[in-house]
Amino acid sequence: MTEVLPGSVNAGDDDADREAVEQERAKLREFVKGLSADDIKSGGWFTKLCAQALRSYTEKATWEYFQQKYKGVPADGIVGQQIKLAAKYAMIEGGITSSLYTGTIVATIGSLGGASPAAVPAGVVTFMVDLTFITQLQMRMAYDIAVLYRIPLDVDDPEDMMKLIRVAFGIKAGEVARGGMKFVPGLVRQVLKKYYSGPVLAAARSLPVVGRHLLQRNVIKFGIPGVGIPLTIFVNRYTTVVAGRHAQSVFRDEARVIELAETLIRRTRHLRLMLWVAWLVINADGKIADSERVLFQRLTRLARERHQVDDEQLAGVVDIDPDEVWHRVDAEPGDLSDVVYAAERVATVDGDLNTHEKAVITELRDRCQRR
């Protein structure tokens, strides 16, 4: 592959690795030269990079590609290799970038304040090549990890895009949402291709906010005088490894939840009842964790796609009534051990059982044993 794709070259071939990094830097230099000073200051560069960095890449970085390259290797093993190789690329790029600086980057970035909207100082180009390289590398690495854990992400869907961005750069959803109210990018349609409304539009508006955040984070890397190349190499490697491990943690956990949904759907003999009981357990403590939300979404999707079960009454529930669920349990004949098993597994998907979840499961067991 011509793009820097972790795992696309031999980890031991230093010359090939450096050449791959140089080629990608050359592409990004052309990209940066097309930016204006306003693009950089506003964070709009990130919106443009998203459109360029993932469009063609996602067509190549498929689960089939990795399976062919690493036949028989479980996802965890491939992910570890991806993070290792991405960190190596980041270190190589950090060394190249640092050797090009002749002055303090903070002062150079500061010169943007007096630049014309179309003018980008030469020193800023070097800085932006480093920033776009690491940004693109970490975003693609996070995408690779999602692919390896079989987590579907549609980069044309703004919600999926923001999910990828938050995971890749460790940005909390609340932080993005608050920042998204301040900036409205004119270039966001390059990524979204059409207009959206509500929370999806808020996600779209957040792209330049992320760009500003990453810009400021990169300035800090070069803001310590007299450190130079070693610090840049270390920071590039460190942030890439942290980003990779975070992406692995998030997407592996989601894959675990999806795997559980598959198991519960396969094992249950009482699909509708299992869904009602699962929703009661999830709501037992009055709050819904992300893992619980993903699990139930997957359960209802599999029920619909594989068994044509689409419970409109359950979908219309606002506050679930335990008595309604117990009435359904009592009315169901036969062995309900599969429903009890499902309830126990659902209760632990977000960690250890709490008092409310234990109470629901105890009640369920008692009712099933009295049958």
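Would you confirm whether or not region 353-362 contains a residue that is surrounded by 12 or more Cβ atoms within 10 Å (Cβ to Cβ), touching a Gly at 6+ places or on another chain (Cβ under 8 Å) and part of a helix (DSSP H, G or I)? Checked against the condition, which is being surrounded by 12 or more Cβ atoms within 10 Å (Cβ to Cβ), touching a Gly at 6+ places or on another chain (Cβ under 8 Å) and part of a helix (DSSP H, G or I), region 353-362 yields at least one hit.
Only one entry in ALA343, ALA243, ALA289 is over 27 Å from the mean Cα position of the chain (by Cα) and either surrounded by 14 or more Cβ atoms within 10 Å (Cβ to Cβ) or over 30 Å from VAL219 (Cβ atoms) (or both), namely ALA343. Being out of contact with any strand residue (DSSP E or B) (no Cβ under 9 Å at 6 or more places or on another chain) and either among the small types (Gly, Ala, Ser) or modelled with pLDDT under 95 (or both) is the requirement here; does LEU215 meet it? Against the criterion (out of contact with any strand residue (DSSP E or B) (no Cβ under 9 Å at 6 or more places or on another chain) and either among the small types (Gly, Ala, Ser) or modelled with pLDDT under 95 (or both)), LEU215 qualifies. Scanning region 9-23 for residues that are open to solvent by 10 Å² or more (accessible area, probe 1.4 Å), assigned to a helix (DSSP H, G or I) and within 27 Å of VAL147 (Cα to Cα) yields ASP14, ALA16, ARG18, GLU19, ALA20, GLU22, GLN23.
So that you can scan it fast, the table gives a plain yes or no per residue for (1) of a type in the set (A, V, I, L, M); (2) crowded, with 18+ Cβ neighbours inside 10 Å; (3) modelled with pLDDT of 85 or more:
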residue	(1), (2), (3)
GLN82	no, yes, yes
GLY94	no, yes, yes
VAL106	yes, no, no
PRO117	no, no, no
PRO121	no, no, no
LEU131	yes, yes, yes
ARG140	no, yes, yes
ASP154	no, no, yes
LEU164	yes, yes, yes
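Would you point out which residue out of VAL281, VAL294 is open to solvent by less than 90 Å² (accessible area, probe 1.4 Å) and modelled with pLDDT under 95? After ruling out the rest, the residue left standing is VAL294. Of the residues making up region 297-333, those that are hydrophobic (A, V, I, L, M, F, W, C) and free of Cβ contacts under 8 Å to residues at least 24 places away in the same chain number 3. Within region 31-55, the set of residues being over 19 Å from VAL219 (Cβ atoms), touching a residue at least 24 places away in the same chain (Cβ under 8 Å) and open to solvent by 40 Å² or more (accessible area, probe 1.4 Å) comprises LYS33, LYS48, ARG55.
The values are calculated or read from the model by the stated rules, or taken from the named source; none is laboratory data. As the structure is a computational prediction, the values presented were derived from the model and not from experiment. All Cβ positions, even for glycine, are placed from backbone atoms using ideal geometry, and neighbour counts span all protein chains on display. Protein only, heavy atoms only, side chains kept; ligands, DNA and RNA dropped before computing areas. Shrake-Rupley method; radii C 1.70, N 1.55, O 1.52, S 1.80 Å.
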